[in-house]
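First the structure, in the form of structure tokens, and then the observations on it.
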Amino acid sequence: MNYYNKIKQELINNEIYKKAKDYSKNNSDLTAYYKVGKILSEAGKHYGDGVIKEYSKKLTNELGKGYTFTSLTRMKKFYVMIEKLATVSQQLTYGHYVELLLLTDINKIRYYILTSEQQNLSIRQLRNKIKNNEYERLNQETNLKLINNEQSNVVDFVKNPILIKNSYSNIKISEKILQKLILENIESFMKELGTNFSFIGSEYKIKIGDRYNYIDLLLFNYEYNCFVVVELKVTELKKEHIGQIEVYMNYVDNNLKNINHDKNIGIIICRKENKYVIEYCSDNRIIAREYELV
């Protein structure tokens, strides 16, 4: 079998198709590079790994730039990855998959594919998520749900620690400063919590008895149809923090939540979590996450 001619023809067909049907460029690339990767894999079994270097020289001479040893090696790796995944997402470009080629854990790859689809990530945004170890900052239960394709809930994808951009590196962080940093990058912060969050308000004023209280951040998740109460602490998590957020959540339940809304969620973002405090918290809707300034 002439593997080289088959590869050459696939690449030529891809270039012709992309020029004729510009709207289908991405689908054409994914299909063509998968096929080329498959042929390269088969050729390697017969002629060894050196065949990629040989073919890259010939393709460069005959078709021009773009078919280097590195690019052909990526196509082969792309084929191997898709075989493990058993599916290819048409919402991702080949460039997205090139970023994922650096990963070895198939469950981690599936997570970033899902996240890219849900958040419509650019290649650069995907690269940043991988760089920030987003998958590693999920809890073990969430990872198991992803592996087993189980239904998730609103708190599953809240990262730990939550990364918060710090533009005041020389200033001592107070709760007010922490809140200001979050508000300066509120979109980035909400993505650290997961997807489909919308911002309702900061220092959200509520009246309990004859006194006014202020919820640090009030959000709403429209996928899970629930309010999310967020409290900020620059200390280790303490038992009184649990009591405080429970009061605020009960207020939201009684005054903001309507019959169509699901139960609200409480998130305490603290300098250091205390697993024992959470362990003895009777309300499993409350979670604690550490923050890290970056």
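The values are calculated or read from the model by the stated rules, or taken from the named source; none is laboratory data. All values derive from a computational prediction rather than experimental measurement. Counting neighbours? That spans all protein chains shown, and the Cβs are built from the backbone with ideal geometry, glycine included. Heavy atoms of the whole protein, side chains included, go into the accessibility calculation; ligands, DNA and RNA do not. Shrake-Rupley method; radii C 1.70, N 1.55, O 1.52, S 1.80 Å.
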How long are the semi-axes of the equivalent ellipsoid of region 136-268, defined as square roots of 5 times the Cα gyration tensor eigenvalues? Whole Å, largest first. 23, 22, 14
Among 28-40, 272-284, 233-245, the order from most to least packed when residues are scored by Cβ within 10 Å on average: 28-40, 233-245, 272-284
Full-extension gain in nm, Thr60 to Ile177, via 0.36 nm per residue minus C-alpha separation: 36.5 nm
Region 1-112 -> Rg/Rh from Cα coords, Kirkwood Rh, value 0.96
1.4 Å probe accessible area per residue over region 16-125, in Å²: 57 Å²
Given labels modelled 7 Å from the Cα in the Cβ direction, how far is it in nm from Glu42 to Asp283? 6.2 nm
So for the chain, averaging the separation of alpha carbon pairs under 8 Å that are six or more residues apart and normalising by length, what relative contact order in percent results? 11 percent
Could you work out the relative contact order of region 35-87? I mean the mean sequence separation of Cα pairs under 8 Å and 6+ apart, divided by the number of residues, in percent. 46 percent
Leaving out ligands and nucleic acids, and using a 1.4 Å probe, what accessible area per residue does region 174-294 come to in Å²? 53 Å²
Percent of all Cα-Cα pairs per 5 Å bin for region 34-81, counting from 0 up to the last occupied bin, reads 5, 26, 32, 26, 10, 1
For every other residue with a beta carbon closer than 11 angstrom to the beta carbon of Leu101, add +1 if it is Lys or Arg and -1 if Asp or Glu, then tell me the sum. +2
Percentage, to the nearest whole number, of Cα pairs in the chain over 37 Å apart: 33 percent
Just to compare against my own numbers: the Cα pair-distance distribution for region 60-207, 10 Å bins, whole % per bin, please. 9, 32, 30, 17, 9, 3, 1, 0
Take the Cα pairs of region 142-209, get the Kirkwood Rh, then feed it into Stokes-Einstein at 25 °C and 0.890 mPa s and tell me D in µm²/s. 171 µm²/s
Compare the Cα positions of Asn143, Gln125, Asn170 along the charge dipole of region 97-171 (+1 at Cβ of Lys, Arg; -1 at Cβ of Asp, Glu; about the Cα centre) and return the one farthest towards the positive end. Asn170
Full-stretch length increase - Lys275, Glu292 - with 0.36 nm per residue and alpha-carbon distance subtracted: 4.4 nm
Entries of Lys129/Lys275; Lys76/Lys131; Lys108/Lys172; Lys129/Lys272 with Cα pairs more than 31 Å apart: Lys108/Lys172
Size of electric dipole in region 1-87: Cβ of Lys, Arg +1 and of Asp, Glu -1, about Cα centre, debye, nearest 20: 80 debye
With charges only on Cβ, +1 for K and R and -1 for D and E, what is the dipole size of the chain about its Cα centre, in debye, rounded to 20? 1180 debye
Over region 1-136, calculate the relative contact order: mean separation of alpha carbon pairs under 8 Å at least 6 apart, over the residue count, as a percent. 20 percent
Please find the FRET efficiency linking Ile16 to Asp262, where r is the Cβ-Cβ separation and R0 is fixed at 45 Å, and quote it to the nearest 0.05. 0.30
Can you pull the percent of region 152-212's accessible area that's carbon plus sulfur, 1.4 Å probe, other chains left in place? 49 percent
Residue-by-residue Karplus 3J(HN,Hα) for region 216-232, coefficients 6.51, -1.76, 1.60, Hz, glycine and proline x: 3, 9, 10, 10, 9, 9, 7, 6, 9, 6, 8, 6, 10, 8, 10, 10, 10
Sum -39500 (n - 2.57) across every DSSP H segment of at least 4 residues in the chain, then divide by the residue count to get the 222 nm mean residue ellipticity, nearest 500. -16000 deg cm²/dmol
Within the accessible area of region 56-131 (1.4 Å probe), percent carbon and sulfur: 51 percent
Give, in nm to one decimal, the length gained when the segment between Phe199 and Glu184 is fully stretched (0.36 nm per residue of separation minus the Cα-Cα distance). 4.1 nm
For peptides 110-118, 154-162, sequence by mean Cβ density within 10 Å, most packed first: 154-162, 110-118
Sum up the charges of everything whose Cβ sits under 12 Å from the Cβ of Val36, counting Lys and Arg as +1 and Asp and Glu as -1, but leave Val36 out. +4
